[in-house]
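> Could you have a look at this structure, given as structure tokens, before my questions?
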Amino acid sequence: MKHRSYLALEGVSVEFPTKNGLFCALDRIDLNIEKGQFVALIGHSGCGKSTLLNAVAGLNKPTRGVIFLDGDVIDRPGPDRAVVFQDHSLLPWLTVEENVALAVSKTANGKSKAEQKDWVLHNLELVQMGHAAKKRPSEISGGMKQRVGIARAIAMQPRVLLMDEPFGALDALTRAALQDVVMELQARLNNTVLMITHDVDEAVLLSDRVVMMTNGPAARIGQDLSVELPRPRDRLSVIDLPNYAHARSEIIHFLHERYRNPAQAA
Amino acid sequence: MASKPDASKPDMAAPSPVSTTGEAVILPYPATAIARRFFPPMPKPTNPVLIAMQKFASAVLPTAFMLAFLLAFWTLACGPESALPGPSRVWAESHDVIMHPLKGVEFHGLIPDIQDGGDVGIGAHIMKSLGRVLKGYTLAAIVGVALGMLVGTNKYAFRALDPLFQVLRTVPPLAWLPISLAIFQQAQPSAIFLIFITAIWPIIMNTAVGVQNIPMQYRNVAKVLALNPMEYFIRIVLPACVPHMFTGLRIGVGMSWLAIVAAEMVQGGTGIGFFIWDSYNSSLLSDTIVALVWIGMVGFALDRIVGFVGRLIARNG
């Protein structure tokens, strides 16, 4: 029997019913991710990146193919696949601490109340948000909300961490600060991560592998590039490495030459 | 030279921005520009009492002016001979009603005990009406929120019940009165039913809209956390639709107050609606005017109370 990867998408297609018949968003995707790998998914808008991530999250079901996580078939959403949403999706009626606590309570595995509370605060500290535990989402900035969103996800100790353009709505400086947070967490926890991004530098800086998707409909994986940069990484020291420039140039050529934005090409 | 046209012109003899030595020269600002920069310091009150008074005045004075204007207009429009009494005549004729609203009411602690029979103060009538509204409205709130949740979460329940609700909600309260009397045979429960049936529609509608409009991202969070239906309801649905729910509850309380006055006018006995009808039959128009003011104030207070409770719950939910 052949070895199956930790997270394995095998022949996954996703189709949506529309007025004009079936719309094929993803066409027979095969993707294998090993445990502890940080994979960035990059492609133009509308290429089905989110569809792919949602399929792994279990939020939409593949019409064909199977997704395996550690040998289990994924057929529904669950807390073992935590999602960091682009719009943070914190519940506004709960405080920062309560938002994380809600997630922790669903993944407690018999922890006592006091242990759960400590775990919540520990994770908030990891993203430097311990000071705002009692605040409501409306009282903190966008970058802070996303930090809490990340804390909520990692506090669930997921088998896979899914990030749907986590920094897309943030300004460049805040984004850099959060990228540093993610790198630090990755060095510490070594999660298996699947992250959607539009940002070439973000993809190269954060990930071990960059998976590039062709333009939809019926998107496929166009290129799979491994990023050979030493960890732990530091944005100032890696930026001058030849491998950084190489990875960057590969991705830019893919996005702007081989698969130009369909809106621009038209 | 073409590149230095300014220097060659005699009428541009004003100081050149570049000195002959090549160093930059900072030109002085005109005096007017400098003067503009120094505002005289605004006299700011530092006395906390003075600040509080200023705030109070800016909040209250517009309403006070409006009231004064209204009273003046009323006085001018209703002369001494007009059918509608002016303010001074209302004051003179209804002096007793205005000054003794709690006639016939005894308080045992906080619980009022209203004397039987007709001759009680206007406050006592208001209390009677409020008691009915409290019962009918509480019932409407409980049933309305429950039905709204059902209709909001289940699309078949929505398709089955929504047309019924849309038809029934247009029926005016008074049209229910004969039916209500036929069902209950007595004045008190049929008045309460009338409140209930009037107040319930906006509560159902708004709660249902609130549930239907729970943002996709909250649903996704619930799915990823694998909340069970009970947790989903308590942690997501209820708090997410509190604002809509209380919009419905606020409209509902206003409508129930409208309905009680109408119901009591027809049925008689006690209550502020009866008081108005009674004063009209006795040609005491000034009493009616006093009652009008009371109804308005109480309705306003009810609306504010429900709004306040809604804000309180939305904050702590």
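> What is the sum of charges, Lys and Arg at +1 and Asp and Glu at -1, for the other residues whose Cβ falls under 15 Å from the Cβ of B:Ile305?
Net charge in that neighbourhood comes out at +2.
> Could you please tell me the mean projected area of the C-alpha convex hull for the range A:148-266, averaged over all directions and given in square nanometres to one decimal?
Across all orientations, the range A:148-266 yields a mean hull projection of 8.3 nm².
> Moving on to the next point. Counting other beta carbons within 10 Å of each Cβ, put A:Tyr6, B:Tyr29, B:Tyr156 in order, fewest first.
Placing the least packed residue first, the sequence is B:Tyr156, B:Tyr29, A:Tyr6.
> Can I ask one more? Which length gain, in nm to one decimal place, applies between B:His100 and B:Lys44 when the Cα-Cα distance is subtracted from 0.36 nm times their residue separation?
15.6 nm
> Within the range A:1-80, which trypsin sites (Lys or Arg not before Pro) sit in a loop by DSSP and count at most 10 neighbouring Cβ atoms inside 10 Å?
Taking the range A:1-80 and a limit of 10 other Cβ atoms within 10 Å, the loop trypsin sites (Lys or Arg not before Pro) found are A:Lys2, A:Lys19.
> What FRET efficiency comes out for A:Leu241 versus B:Ile305 if R0 is 56 angstrom and r is the Cβ-Cβ distance? Round to the nearest 0.05.
0.25
> I would also like to ask the following. Can you list the aspartates and glutamates whose alpha carbon is less than 12 Å from that of A:Lys61, not counting same-chain residues fewer than 8 positions off?
Those aspartates and glutamates meeting the cut-off are A:Glu15, A:Asp75.
> Please go through the residue pairs A:Lys35/A:Lys135; B:Lys55/B:Lys128; A:Lys113/A:Lys134; A:Lys113/A:Lys145 and name each one whose alpha carbons sit more than 27 Å apart in this structure.
Correct reply: A:Lys35/A:Lys135; B:Lys55/B:Lys128.
> Scanning chain A for GluC sites (Glu not before Pro) in DSSP loops with at most 14 other Cβ atoms within 10 Å, what's the longest stretch left with none?
A:35-227
> Further question on the same structure: How many times 2.2 N^0.38 Å is the alpha carbon radius of gyration of chain A?
Ratio of Cα Rg to 2.2 N^0.38 Å: 1.01.
> Something else now. Under a straight-distance cross-link criterion of Cα-Cα below 18 Å, which lysines are reachable from A:Lys106, leaving out those fewer than 8 residues away in the same chain?
A:Lys117, B:Lys223
> Another question, if that's okay. For chain B, what does the equivalent ellipsoid look like in terms of its semi-axes, each the square root of 5 times an eigenvalue of the Cα gyration tensor, given largest first in whole Å?
With the √(5λ) rule applied to chain B, the semi-axes are 60, 37, 19 Å.
> Given DSSP loops and a limit of at most 14 other Cβ atoms within 10 Å, what is the longest stretch of chain B that contains no such GluC sites (Glu not before Pro)?
The longest such stretch corresponds to B:82-317.
> Order of B:Leu285, B:Leu164 from fewest to most other C-beta atoms within 10 Å?
B:Leu164, B:Leu285
> What is the log10 of I(q)/I(0) for the range B:56-121, computed with the Debye formula using one identical point scatterer on each Cα and no solvent, at q = 0.22, 0.28 Å⁻¹?
Result of the Debye calculation: -0.89, -1.11.
> Could you tell me how many cubic angstrom of Cα convex hull volume the protein assembly as shown has per residue?
359
> Follow-up. Report, to two decimal places, the Cα Rg of the range B:157-201 normalised by 2.2 N^0.38 Å (N = number of residues).
1.25
Every number here is computed from the coordinates shown, using simple stated rules; none is lab data. From a predicted model like this one, the values you see are computed outputs, not experimental measurements. With ideal geometry, Cβ positions are generated from the backbone for all residues, glycine too; neighbour counts draw on all protein chains shown.
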